[in-house]
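J.: Please find one structure pasted underneath; my questions will follow.
The values are calculated or read from the model by the stated rules, or taken from the named source; none is laboratory data. Note that the coordinates shown come from a computational prediction; the quantities given were computed from them, not determined experimentally. Neighbour counts are summed over all protein chains in view; Cβ atoms, including those assigned to glycine, are modelled from backbone coordinates with ideal geometry.
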Amino acid sequence: MERAQRRRMESALDEIEFLALSQNRVDALRYLAERPHSRRELVERTGASQPTMGRILSDFEDRSWLVREDGAYRATVTGELVSRGFDDLVDILDTDAKLRPVVEWLPTDAITFDLEHLTEATITTPSQVRPNAPVKRAVTLLSEAEDVRIFSYAFNEQNLDIVRERTAAGDQRFEGVFSSAAIDALAHDSQLREQLRDLLDADAAAVRITDEPIPMAATIADTTVHLFLRDDNGILQASIDVTEPEVLAWADELFERYWEAAEPLDLDRL
C-alpha cells in the first residue's frame, strides 16, 4: 500500500511540476476552465507564441484536460479540477509565505476558521522607525469605526482614550469584555481610572469584566477583525487585521461567548 501511495504521490508531483514550470500553461488552463477559447485567443491572452501554445494544447490533450469542439478548445471536467486545485495550492502557499513571519504568535488554539481566510490580511510589525506600528494600526481602526467590540486581556491607554472620546461625542458604539487583570491595571492609575469612568458614563458604551482567561486581544471595528500578536513574554510582535466574513463570524461568536459569561463592570470596583 505504501509503495502504491508513493507512486501516486510521485505522479501527482510530476503533474504539479509540469504546470508550475510554465506560467503559460497555468494561464491557458485557467482560461480554458473559464470558457472555450480558440488557439489565437489563448495566444493573445497568454502572450505565448503560436508554436508554444500548440505544444501546450497538445500536452493538455494528452492528459485529457481539454477537448476541441467547433474550432475552439474547452477544458474537460478534470481539466477544470486541475486548474482549480492548482490555484488553491498557489493560494495556500501564498498564505503560508505571508503568515510565516508571525505564525508562531497566532492564537491557533482559539482559531477555528481556515487560515486561507487570512490571505488578504494586513500584517503590521514594529520597525526601528515605527516601533509602535501595531498599536497605531489599532488606533486608526478605532478612530474610523462606528461600532466597536473588544475582548481582551488588556486595554491600553491609547485605545481607551480614542473610544472614550468617540463614544462621548456620539460617534461610536462600544462594547468591551476585559479580564479582571486588565481592568484592575487601569484602576490603579488615577488618570486612566477617570478615563474609564468617563467611558462608563457614555450612553453608547458598555463594559463587562470576567475572571475567565481571555487568551487574545481582539477588536471588531465595524467589519474588520484586528488581533494583537504577542510572544510568550507578552511582548507585542505584530498585529493582523482582516475583513473576511468567515473571520468576522468567528470573532462575533467569541465575543458573544465572553460577553454572556461576563458581568457588567461596577463603578464601585474603580
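J.: Pull up segment 111-142, narrow it to residues that are assigned to a loop (DSSP other than H, G, I, E, B), among the β-branched types (Val, Ile, Thr) and within 21 Å of Trp250 (Cα to Cα), then point me to the one that is modelled with the lowest pLDDT.
T.: Checking each candidate, the answer is Thr119.
J.: Okay, next question. Kindly check whether there is at least one residue in segment 244-263 that is part of a loop (DSSP other than H, G, I, E, B) and either free of Cβ contacts under 8 Å to residues at least 24 places away in the same chain or under 16 Å from the mean Cα position of the chain (by Cα) (or both).
T.: Checked segment 244-263: at least one residue is part of a loop (DSSP other than H, G, I, E, B) and either free of Cβ contacts under 8 Å to residues at least 24 places away in the same chain or under 16 Å from the mean Cα position of the chain (by Cα) (or both).
J.: When you scan segment 14-25, do you find a residue that is assigned to a loop (DSSP other than H, G, I, E, B) and either over 30 Å from Pro213 (Cα atoms) or among the basic types (Lys, Arg) (or both), even just one?
T.: Yes, some residue in segment 14-25 is assigned to a loop (DSSP other than H, G, I, E, B) and either over 30 Å from Pro213 (Cα atoms) or among the basic types (Lys, Arg) (or both).
J.: For segment 143-169, which residues satisfy the criterion of being touching a residue at least 12 places away in the same chain (Cβ under 8 Å), over 26 Å from Asp232 (Cα atoms) and either not in a helix (DSSP H, G or I) or not small (Gly, Ala, Ser) (or both)?
T.: Matches in segment 143-169: Glu144, Ala145, Glu146, Asp147, Val148, Asp161, Ile162, Val163, Arg164, Arg166, Thr167.
J.: Sticking with this one: For Ala48, indicate whether it is touching a Leu at 6+ places or on another chain (Cβ under 9 Å) and part of a loop (DSSP other than H, G, I, E, B).
T.: So Ala48 fits the description; yes.
J.: Residue by residue through segment 112-140, note down the ones that are under 21 Å from Pro215 (Cβ atoms) and either without any contact (Cβ under 8 Å) to a residue 12 or more places away in the chain or aliphatic (A, V, I, L, M) (or both).
T.: Across segment 112-140, the qualifying residues are Leu115, Leu118, Ala121, Ile123, Val135, Ala138.
J.: Moving on. Which of the residues spanning segment 84-110 are touching a Ser or Thr at 6+ places or on another chain (Cβ under 8 Å) and outside any helix (DSSP H, G or I)?
T.: Pro101, Val102
J.: Let me ask something additional. Taking segment 1-37 as the search range and keeping residues that are in contact (Cβ under 8 Å) with a residue 12 or more places away in the chain and of a type in the set (Asp, Glu), which one is surrounded by the fewest Cβ atoms within 10 Å (Cβ to Cβ)?
T.: Looking at residues that are in contact (Cβ under 8 Å) with a residue 12 or more places away in the chain and of a type in the set (Asp, Glu), I get Glu15.
Residues are listed down the side, and each one gets a yes or a no for (1) assigned by TED's automatic domain parsing to the domain that holds Asp27; (2) surrounded by 13 or more Cβ atoms within 10 Å (Cβ to Cβ):
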| site | (1), (2) |
| --- | --- |
| Leu81 | yes, yes |
| Phe86 | yes, yes |
| Asp91 | yes, no |
| Ile111 | no, yes |
| Leu115 | no, yes |
| Ala121 | no, yes |
| Pro126 | no, yes |
| Val129 | no, no |
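J.: Name the residue, out of Arg74, Arg7, that is at negative phi, more than 30 Å from the chain's Cα centre (by Cα) and in a strand (DSSP E or B).
T.: Arg74
J.: Restricting to segment 10-33, give me the number of residues that are under 13 Å from Val82 (Cα atoms) and either in contact with a Lys or Arg (Cβ under 9 Å, 6 or more places away or on another chain) or modelled with pLDDT of 95 or more (or both).
T.: 12
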